[in-house]
Protein chains: 4
Amino acid sequence: MQSRTPVTRASGRPRSAEAAAAILAATREALVELGWSKLTLGDVATRAGVAKTTLYRRWAGKNELVVDAVAELFDELVLPDRGTLAADIEGVVLQFATILARPEARSGLMAVVAEATRDEALRERIRESIVTRQKRLVLEGRARAQARGELPPETDPLEAARTVDLIFDVVAGAVVHRTLVSAEPADEDWARGFTRVLLLGLKGASQSD
Amino acid sequence: MQSRTPVTRASGRPRSAEAAAAILAATREALVELGWSKLTLGDVATRAGVAKTTLYRRWAGKNELVVDAVAELFDELVLPDRGTLAADIEGVVLQFATILARPEARSGLMAVVAEATRDEALRERIRESIVTRQKRLVLEGRARAQARGELPPETDPLEAARTVDLIFDVVAGAVVHRTLVSAEPADEDWARGFTRVLLLGLKGASQSD
Amino acid sequence: MQSRTPVTRASGRPRSAEAAAAILAATREALVELGWSKLTLGDVATRAGVAKTTLYRRWAGKNELVVDAVAELFDELVLPDRGTLAADIEGVVLQFATILARPEARSGLMAVVAEATRDEALRERIRESIVTRQKRLVLEGRARAQARGELPPETDPLEAARTVDLIFDVVAGAVVHRTLVSAEPADEDWARGFTRVLLLGLKGASQSD
Amino acid sequence: MQSRTPVTRASGRPRSAEAAAAILAATREALVELGWSKLTLGDVATRAGVAKTTLYRRWAGKNELVVDAVAELFDELVLPDRGTLAADIEGVVLQFATILARPEARSGLMAVVAEATRDEALRERIRESIVTRQKRLVLEGRARAQARGELPPETDPLEAARTVDLIFDVVAGAVVHRTLVSAEPADEDWARGFTRVLLLGLKGASQSD
DNA sequence: CAGTAAGCGAGACGGTACGTCCAGTCTTGTT
DNA sequence: AACAAGACTGGACGTACCGTCTCGCTTACTG
């Protein structure tokens, strides 16, 4: 995720590659069973079959560890090709809702966002590992719709970027709010209704520009 | 917020009314300075000039206390009468963004939502104290728009309720996601763009029903 | 040992008297089983059925705790009345050797002395709790010998004090060195030989003054 | 101190001779600065410019290392020829007190003795490296006094050995107790008083045998 | 208006987790 | 094979809070 090929040939025993994977898996497992607030790093280390020091050597604390553990979950998201833009969006919305239905994602994501309200570095880490990385879905979706002729090619690149951000916040925000704050399921019906409003809104906005 | 009218006339010394207010104020103060995770109930008690036992006699723990402390913040929200539905919505969106810019709200709200992912009772408490209570804004807004003739009177009450929920999740979710996850400001420009998409979407959806 | 009657009526829950006793007993028990270096305060707390915090609330660390635990052991020493000064001294020497044969005394005393080489406060605590307290034996022995007419009443008080110190260092030092450094038993034969040399030396020195 | 002459000609790279010396010197340096309990083998290795593995290849642990480091200090002791037995003894006593005034000796010696109370192998190592080695001073002193005619040649070899042990324990024990437990200086005055008592006692004891 | 039941401040209590430090071992590549 | 470097497991450290408890004191309703 960060260093590809170490330029300076490190001396001493190299860090175990297995350890990092085991720790992240153990973190997700513990999030499922215990949730954020009862997750302890000592317990994660034990589950991973690793000493606490090994864990602290690689992550500064609970926040950083959980961001990394949760970020991997969202990499599962793919843009399905269902033939129409509306169907594609509905598909992503449902996938997203499915991930947010998993306890490790629910608990981990919100807690980390809460912590980030007071920690600029953590905020940046979230933006980098999660937000920016997943905006790819919006970009792909638009490109595919343009290829199909459903959307015209964008003319103003700045405006286009602003629209991508807006779509991302609206989609992700609505799903998160529905499932976590309102605590109602984001099922197919809901996804269909939401997608319709979103697409009509976007279409109307682009025409009346 | 908890007991309205005590049915069983309590004997013994009654609970100090000042204490509750001082504790909630101290909680918000501590949230500002320390954030959720570093806020300790011992510290809150000290700030409020109260013993820890007094605090525990009224709230079961950190979560419950913070829900109450944060819920009060959202009672500030009012629906401004700016003449058009679009302007009214923009006004509420900006007010909401302003509250979410305050550290006690950012940190407290998200943390409590995170905890609620694993605590049904807390989830219910949030729904009751925050979500349901603030849906009044959507209802008022619709009523006012209908009075102005901007919207037709609803025909299907079930569909109408579903739309209220959708609007609430989209508005609240988008603002929260924009400010807390994407960590970008929800300023006037953004509010205008967002409102336009939302209204066009809703209008289109209601016509093509 | 320290506060007789609390003048200022303490507020809050009073400290448990049983806890202190249980902790000191547990400390001696752990010293027997584990020795100084493997004794951990967490283990002592567990044995005493007490939380670690309770232990730390009363003692600053391992050193202070062990000084107190060991000091009590030496309070068992009494000056037997065996009829002659020589016999009395032999008796004390053997009692002292018996105590030093107990593992909690051996291990605890020397370790604490070792730590005290770099800690003036600890040195003072040892002097107060052990050295000064046990010099009473030398004083009593002299008084009894004077009453029997075995020793003349002292004339120069400064010289007398210096002699008490010398006797104490020679007796305690020889027994400790014999048992702990040379690692040979301080049995009756040895005690008899040692006492004879000591008494003859003291008698000779006082005559040739 | 450990391997005299390697019988089996070792293959591979031979052990660095400088390393051992550097480690022992670093150990004494660390004892001075940190004392026994805060001395860490990692720090010693760093000071000696050596890897931890090198250190562990030669010593089993902290105890063994410190015994060796401290034992060398006592090899400085020599029996001065001041003309009379009394003066010779006073000289050794003062030399011994001087060494014990050095922090590396105080702290290291007592700590190692404390550890030895629960470790027979370490006890044996101390007896071998320090006790037996330094008894030479008592033997030399007696021989010299006999040559001068101050003492008669011994007749009973068993009794003579017992006396050597007694003298050693009394001298070493008194000095150690005086300086480390009572925490008073063993200066010239004290040495003179102590020596007088010791010699008179020994003389009296040998006459009345 | 005396009695009494509950509330109150203070702070000790049994626990649990923290994040750090060190012991002693192991795994690299280098000498 | 010894070496420097440094990651590894394991375990104790001393601290910080949690939520409970036990004090002595205060307050307002009740009989």
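Structure values in brief
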quantity	calculated
Position D:Arg82, label points 7 Å along Cα→Cβ, spacing to each other copy in nm (shortest first, one decimal)	3.5, 10.1, 10.3
Within the accessible area of the protein assembly as shown (1.4 Å probe), percent carbon and sulfur	54
Dipole axis of chain D (+1 Lys, Arg; -1 Asp, Glu on Cβ), positive-most option in D:Val112, D:Val50, D:Gly83	D:Val50
Residue of chain D nearest the D-to-B rotation axis [by Cβ], rounded angstrom distance	D:Lys38, 16
Residue with peak Gaussian network fluctuation, chain A [Cα springs, cutoff 10 Å], from A:Arg136, A:Arg28, A:Arg15	A:Arg15
Those residues of region A:182-201 for which accessible area with every protein chain present is at least 20 Å² below the isolated value (1.4 Å probe)	A:Ser182, A:Ala183, A:Trp190, A:Phe194, A:Arg196, A:Val197, A:Leu200, A:Gly201
Pairs from A:Lys38/A:Lys62; D:Lys38/D:Lys62; A:Lys203/B:Lys203; C:Lys52/C:Lys135 whose Cα-Cα separation, in the structure shown, is over 23 Å	C:Lys52/C:Lys135
Given charges at beta-carbon only (K, R positive; D, E negative), |dipole| of region B:70-207 in Debye	180
Degrees, to the nearest 10: B:62-74 long Cα axis against longest axis of chain B	40
Pseudo-label separations to other copies for A:Thr46 - Cα-to-Cβ vector, 7 Å, nm	1.2, 3.1, 3.2
Cα-centre dipole for the protein assembly as shown with unit charges at Cβ (Lys and Arg positive, Asp and Glu negative), debye to 20	320
Range of Cα positions in chain A per principal axis (Å), largest first	62, 43, 33
Solvent-accessible area lost in complex, 30 Å² minimum, residues of region A:71-109 relative to chain alone, 1.4 Å	A:Arg106, A:Ser107
Per-copy distances of the A:Glu120 label point, shortest first, in nm (7 angstrom along Cα→Cβ)	4.4, 4.6, 6.6
Probe 1.4 Å, all protein chains present, accessible-area order of B:Thr54, C:Thr40, largest first	C:Thr40, B:Thr54
For C:Trp59, solvent-accessible area (1.4 Å; no DNA, RNA or ligand), Å²	20
Most positive-pole-ward Cα, A:Leu166, A:Val176, A:Gln134, against dipole of region A:70-207 from beta carbon charges	A:Leu166
Nearest 10 degrees, 0 to 90: helix B:157-176 Cα axis against chain B principal axis	70
Kirkwood hydrodynamic radius of region D:90-209, from inverse mean 1/r over distinct Cα pairs, in Å	15.7
Charge sum, other residues only, whose C-beta stays under 14 Å from A:Phe168's C-beta, Lys/Arg counted +1 and Asp/Glu -1	+3
Tilt relative to chain D, helix D:17-34 - C-alpha long axis, 0 to 90 degrees, to 10	70
Area hidden from solvent between A and B (accessible, protein heavy atoms only, 1.4 Å, total, Å²)	3800
37 °C / 0.692 mPa s Stokes-Einstein diffusion coefficient of the protein assembly as shown, Kirkwood radius on C-alpha pairs, µm²/s	95
Reduction of at least 30 Å² in accessible surface, 1.4 Å probe, comparing all protein chains with the chain by itself, residues of region A:114-140	A:Ala114, A:Glu115, A:Thr117, A:Arg118, A:Arg123, A:Arg127, A:Val131
Order of exposure, largest accessible area first, which applies to B:Asp43, D:Asp189 with probe 1.4 Å	D:Asp189, B:Asp43
Size-normalised alpha-carbon gyration radius of region D:17-58, reference 2.2 N^0.38 Å	1.03
Surface per residue (accessible, 1.4 Å probe) for region C:150-209, Å²	49
Heavy-atom accessible area per residue - region C:14-126, 1.4 Å, Å²	42
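The values are calculated or read from the model by the stated rules, or taken from the named source; none is laboratory data. Small disclaimer: the values here were computed from a predicted structure and weren't measured. Ideal geometry is used to build each Cβ from the backbone, glycine not excepted, and the neighbour counts take in all protein chains shown. The area values use the complete protein model at the heavy-atom level, side chains included, leaving out ligands, DNA and RNA. Shrake-Rupley method; radii C 1.70, N 1.55, O 1.52, S 1.80 Å.
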